[in-house]
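Report on one structure; see the data block that follows.
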Amino acid sequence: MSTIKSQHRPPSLKLNPAAVRERAKGIPSCQEIPGQGEFVISFLVMMPRNDANGNHHDVSQQQQVSTPARVNVFVDSGTIGTCRVMNGTVRQSFRKNVNSLDVLERLLRHPEGPMEINESLIGLTDDDDEEENHPERRTTDDMIAQRLSSPTTIQKELELANVGLAILQGEREKLEKHLRQLGQDDSTTTLSQSKSTTSPMSTRSGYGDSRHPQHEDTDGRGHDESSVASSTSESSVHGCEFHFKLPVDVMKQVDQCLRDIAKMDKIVKNVATNGRGTVFLYGNGGVAYTPSIPKALYQKLRQLRSSSYASRPSFVALGTRDRYYVAFNDGTADWKGPHALDKILKKCLASDKLPRSVAFGSTYDTFFVVFHDGSWQYQGRGIPETLEEKLASRDDRADLVSLNLGPSGEWFLKAENGRMWWSGITQDLDSVLSKILKEGYLHSMDFGENGSYFVTYENE
């Protein structure tokens, strides 16, 4: 029995909260301050500073000579607020319209604005000054005892607390002004949404179904993934958003590929993964890939470093057991797969009409080909029953754009009218898709070993 649920589409976000937190985890001196609200993520960043002699202290010495900065990330507007104290005055600077995770990471590693709390804010007696000039005279026990009993030390703590209160008060005033501005923006967004004639819908029925601007998700089931160490991540490149779950070592390689593509400001056009390896096609014939793709494909792509546009890939698909398919802009193709696939692809080459997509299934003999005109053909013992049922329910229409298969019965289907369907996915991926469909548009999904996946989407 199907259940239809209406969904409210939230305002678009310039920065993905999960991606922001993932970047912050890689910064040792950065710690999240919890409980700041749905659209504000705050971090305490400890910055190294110069000592009295002008010497710069490294991270290992940071506990004694670091100064704090508070960085507020407004994920809805892309505003980054940095709060510092300088000469007893609370200073806060704002960077607006930040939508790049690389820019965000730079601001977290090196916060903008005043550098440190002036030492003149903290009173010192002559005795304190003498002790600090001769640190060898003080043992750890002495320092602890003095911290607990010295009125001067307590006075320092109180003065630092007052400075902290000043920081918070200044932040509050800035945030209130910022929230008033956001309230005006929300009014505009609400007015725009009220003019829409369609609303997102959700259905649970054994397979997922999505159409723009309507979205439907699935309660598909998958296999147990607990035996394989893996990690999830999110990234953004030139308007496209990515959410993926891959083995930890592959995750690092994929992150590096995406960062390199982002630096070149290129558009990712095609992503293929089998869990062990991943290939990206971007820009005007660009290609990036991780080391563990099928060996034959790896050698093929390595030869393209100085090749012309015509010799570069236009589509790529990966499967398990070293299966792959790659098409080139000059109308040629290369692949490894079962004999039945060989016959079909050779006919395509002879007619100078390459397929729109090729996918590899759970068994070596399983594949699915979408031809240039939207017609299709599949073969193999591993074709999921739910996929066959969906194709039959659509009267076997020849209007497909692409189809992806996974090694555990997963599948994703996209038609020319923008409708998308999927099934066989894990609960983990199902939860991810539910969040994505509430905030934006799904573009594609690919699947790999041990529950790994790669999702491409776009926020509103």
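The values are calculated or read from the model by the stated rules, or taken from the named source; none is laboratory data. Note that this is a predicted model, so its numbers are computed, not measured. All Cβ positions, even for glycine, are placed from backbone atoms using ideal geometry, and neighbour counts span all protein chains on display.
When the range 268-278 is filtered for residues that are assigned to a strand (DSSP E or B) and of a type outside the set (Lys, Arg), the ones remaining, listed by number, are 268, 270, 271, 272, 273, 278. If only one of 262, 327 is under 25 Å from residue 455 (Cβ atoms), of a type in the set (A, V, I, L, M) and in contact (Cβ under 8 Å) with a residue 40 or more places away in the chain, which one is it? Exactly one residue qualifies, and that residue is 262. The residues listed here are 322, 352; of these, the one that is in a loop (DSSP other than H, G, I, E, B) and farther than 30 Å from residue 249 by Cα is 352. Of all residues in the range 295-317, those being touching a Leu at 6+ places or on another chain (Cβ under 9 Å) and not polar (S, T, N, Q) number 5. Within the range 305-314, the presence of at least one residue that is at pLDDT 95 or above and not charged (D, E, K, R) is confirmed. Exactly one residue out of 378, 441 is modelled with pLDDT under 95 and among the aromatic types (Phe, Trp, Tyr): that is 441. The single condition among (1) without any contact (Cβ under 8 Å) to a residue 12 or more places away in the chain; (2) within 18 Å of residue 448 (Cα to Cα); (3) not hydroxyl-bearing (Ser, Thr, Tyr) that residue 350 does not meet is (2).
A count restricted to the range 390-400 and to residues that are of a type outside the set (Lys, Arg) and in contact (Cβ under 8 Å) with a residue 40 or more places away in the chain stands at 1.
Report whether or not residue 18 is modelled with pLDDT under 90 and either under 22 Å from residue 432 (Cα atoms) or assigned to a strand (DSSP E or B) (or both). So residue 18 passes the test.
Conditions (1) assigned to a strand (DSSP E or B); (2) among the hydroxyl-bearing types (Ser, Thr, Tyr); (3) within 16 Å of the chain's Cα centre (by Cα); (4) at pLDDT below 95, marked per residue:
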residue	(1), (2), (3), (4)
231	yes, yes, yes, yes
266	no, no, no, yes
280	yes, no, yes, no
284	no, no, no, yes
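Which residues, counting only those in the range 286-301, are of a type in the set (Ser, Thr, Tyr) and in a helix (DSSP H, G or I)? Of everything in the range 286-301, just one residue is of a type in the set (Ser, Thr, Tyr) and in a helix (DSSP H, G or I), namely 298. Scanning the range 12-39 for residues that are more than 13 Å from the chain's Cα centre (by Cα), closer than 17 Å to residue 76 by Cα, in contact (Cβ under 8 Å) with a residue 12 or more places away in the chain and surrounded by fewer than 17 Cβ atoms within 10 Å (Cβ to Cβ) yields 12, 36. Of all residue pairs spaced 6 or more apart or on separate chains, those with beta-carbon atoms under 8 Å, a first member in the range 292-306 that is under 17 Å from residue 282 (Cβ atoms) and free of Cβ contacts under 8 Å to residues at least 40 places away in the same chain and a second member that is part of a helix (DSSP H, G or I) and not aliphatic (A, V, I, L, M) are 304/311.
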